[in-house]
Amino acid sequence: MSARIFTRTNSSVLKQCLTRTGATPSLARSAVPSPTGKLYEGHIPISPLQRTILAVGSAFTALANPLRGDMVAALGETTSGIFLNRIRDQMLQDPEGRRILRERPVITSETMQLDTLRQLPDGTFGREYVRFLDDQQVSPDTREPVHYVDSEELAYVMQRYRETHDFYHTLTGLPVTVDGEIALKWFEMAQTGLPMTMLSSFFGPLRLSSEERERLFNVYVPWALENGSTGKLLMNVRWEEWMEKPVEDVQRELGVRPCPEV
């Protein structure tokens, strides 16, 4: 089973970050008064000071251990700020994006009907997507829920971003390796500008061997920046409705070339 960036793990460091300011995930709602209270299921209101401490603590932990999915998730939420607003605004400018925000579909094993996708012909997007899940022994049900985004709508935008991650692998053909995941973060940075993707893009290569860094910067990064910036904003894609299309057609319609073979 290969590693993935977003996995459920224990959240002891997260609890330590909040405890230092007098709150824990179970107490944060009462420790930080909010005029509207809990904005959505799982929402944990925190103060600006707590947000800063959690952002710094999660950044150090995520850089030291990228497999800490809870810390990667916390870093993304505490630093997303205006960037989630920008993504939401871009979605509102697109018919499919508006429909996604209105209907709020979720990506789970049940909603994607994985057994049905396994019956699709080879080469279709749905068949290759579920093949990716099976090969990596992962599930769409393992995404960390959103806790620290103080807007119900923006929390959904963040959750949608997380849930569609595996579609990006299917679309781009990037391998689930350390340099492949970093390359995907460069692609996502060009697409979204989220600070978490920038941090992973700039500091992630420090963990690579010289050969891996050479491949990353000479092959993957130029491809990622070009295709991420010129392709369609993938947050505006209703992936659930593209499953029966051939992968090549999906790539062509979205303006994303498959990653170079190395």
Exercise. How many residues are assigned to a loop (DSSP other than H, G, I, E, B) and surrounded by 15 or more Cβ atoms within 10 Å (Cβ to Cβ) if we restrict to region 134-159?
Worked result: 9
Seminar exercise, completed: Of (1) under 17 Å from the mean Cα position of the chain (by Cα); (2) part of a helix (DSSP H, G or I), Arg131 satisfies every one except (1)
Exercise. When you scan region 177-221 for helices (runs of 4 or more DSSP H) that lie fully inside it, which ones turn up with 3 or more residues that are hydroxyl-bearing (Ser, Thr, Tyr)?
Worked result: 195-203
Seminar exercise, completed: All-but-one check, Pro121 against (1) in a helix (DSSP H, G or I); (2) assigned by TED's automatic domain parsing to the domain that holds Leu184, failing number (1)
Seminar exercise, completed: Subset of region 233-255, residues assigned to a loop (DSSP other than H, G, I, E, B) and either without any contact (Cβ under 8 Å) to a residue 24 or more places away in the chain or of a type in the set (A, V, I, L, M) (or both), comes to Leu233, Val237, Met243
Problem set entry | Verdict on Thr172 being out of contact with any helix residue (DSSP H, G or I) (no Cβ under 6 Å at 6 or more places or on another chain) and either of a type in the set (Asp, Glu) or in the same structural domain as Glu248 (by TED's automatic domain parsing) (or both) | yes
For this session: Consider Ala31 carefully, then state whether it is more than 24 Å from Asp141 (Cα to Cα), modelled with pLDDT under 85 and touching a Leu at 6+ places or on another chain (Cβ under 9 Å).
Result: yes
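The values are calculated or read from the model by the stated rules, or taken from the named source; none is laboratory data. Here the structure is a predicted model, which is why all the values come from computation and not from measurement. Because the Cβ atoms are built from the backbone with ideal geometry, glycine has one as well, and the counts that use them run over all protein chains shown.
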